[in-house]
Amino acid sequence: MKKFAVFGNPIAHSLSPAIHNMFAQLTGEYIDYRIIESELDNFENDVSAFFNEEGVVGCNITAPFKERAYTLCEGSCNAEAKTAQAVNTLHKQGDKLLGYTTDGMGLVADLIRHVGSLENKRVLLLGAGGATRGVVEPLLKSKVASLFITNRTMSKAEAIVNAIGEDNFVAVGQSALDDVQAEIVINCTSASLTGDLPAVSAGAFKQCALAYDMSYGRGETRFMAFAKEHGALATVDGFGMLVEQAAAAFTIWTGKTPDTAEVIKALRPK
Ligand code: ATR
């Protein structure tokens, strides 16, 4: 049996065990996937003890430990993890611990399910925290025409743009959002967690085919309602991204690709 876990705090209500158990069922893997709620001062010890157990293949990491997990495998990470300075997936290979951020792959996979190829699309990101940093590179790699970013605190958006240094990745202030004409607008802020609307203008949704909120499990968020009201043709929450980032981790660990559409349908909170 292959052993896995998700580390976080709090973590009791995580959907990860249900998602990975269903992936295992669908792909014929025999797994044990458990929840580990680390004390804040004991995370590194818990990870080390877990990887010393017989049969352990990998684990997922969630808040507040993603940045600390990155320092455990800093030299052996994918590009997204380096940009985000955070990992959500650890994989044991021999005596080496490899780190990945699969959030961006998850987002891109879910966006493609909703709108088809991202090639030549104009995409606007709201927010400039860790969630944004984890998805910028996979979005640019999927050949979007332009990637725009805005944030309540513009200096943070500009810092991400400068760190990446791609000509088609630009920071735009709120007053210029009407001219962006984005086809996809993605809420990467944590505003929905507190029932708030992120810093955005009504005009940002004039050409919008899809308004995507990375948060999930909250029904229609204020961002989704605002986007719809101002012209977005479709709105969706981030549950698909949750399942897709889990699937990317599952593939890293097992080499198998589960049918995510089936899992999304079965496990989407009612
Ligand atoms: P994380 O690392 O989890 O993404 P973060 O670094 O705190 O969290 O970033 C949260 C993002 O959501 C930031 O872009 C933040 O805006 P600021 O950079 O101006 O702080 C944004 N955010 C959070 N609450 C918000 C709110 N109520 N309205 C607008 N933006 C908000």
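The values are calculated or read from the model by the stated rules, or taken from the named source; none is laboratory data. Since we're looking at a predicted model, the values are computed, not measured. Here the Cβ positions follow ideal geometry from the backbone for every residue, glycine too, while neighbour counts run over all protein chains shown. Just so you know, the surface numbers come from the protein's heavy atoms only, side chains and all, with ligands and any DNA or RNA stripped out. Shrake-Rupley method; radii C 1.70, N 1.55, O 1.52, S 1.80 Å.
Miscellaneous remarks
- Residue within the range 159-173 that is open to solvent by 40 Å² or more (accessible area, probe 1.4 Å), within 13 Å of the ligand (Cβ to nearest atom) and among the aliphatic types (A, V, I, L, M) present: yes
- Residue identified as part of a helix (DSSP H, G or I), at pLDDT 95 or above and among the small types (Gly, Ala, Ser) among ALA249, ALA211, ALA182: ALA249
- Scanning the range 114-155 for residues that are in a loop (DSSP other than H, G, I, E, B) and either touching a Phe, Trp or Tyr at 6+ places or on another chain (Cβ under 6 Å) or of a type in the set (Asp, Glu) (or both) yields a total of 1.
- Applying the criterion of being within 20 Å of GLU119 (Cα to Cα) and in contact with a His (Cβ under 6 Å, 6 or more places away or on another chain) to the residues of the range 201-222, the residue that is farthest from the ligand (Cβ to nearest atom) is LEU210.
- Matching residues, the range 73-113, being in contact with a Lys or Arg (Cβ under 7 Å, 6 or more places away or on another chain), in a loop (DSSP other than H, G, I, E, B) and of a type in the set (Ser, Thr, Tyr): SER76
- Close pairs from the range 195-206: first within 10 Å of PHE226 (Cβ to Cβ), partner among the small types (Gly, Ala, Ser), Cβ under 7 Å, at least 6 apart: LEU197/ALA191; PRO198/GLY127; PRO198/ALA191; ALA204/ALA182; PHE205/ALA211; PHE205/ALA227; PHE205/GLY231; PHE205/ALA232
- Selected residue [in contact with a Ser or Thr (Cβ under 6 Å, 6 or more places away or on another chain), within 16 Å of the ligand (Cβ to nearest atom), outside any helix (DSSP H, G or I) and not aromatic (Phe, Trp, Tyr)] from PRO198, PRO258: PRO198
- Residues within the range 178-195 that are away from the ligand (no atom under 16 Å from the Cβ) and open to solvent by less than 20 Å² (accessible area, probe 1.4 Å), tallied: 3
- Failed condition for PHE65, given (1) touching a Leu at 6+ places or on another chain (Cβ under 8 Å); (2) among the aromatic types (Phe, Trp, Tyr); (3) over 28 Å from GLY173 (Cβ atoms): (1)
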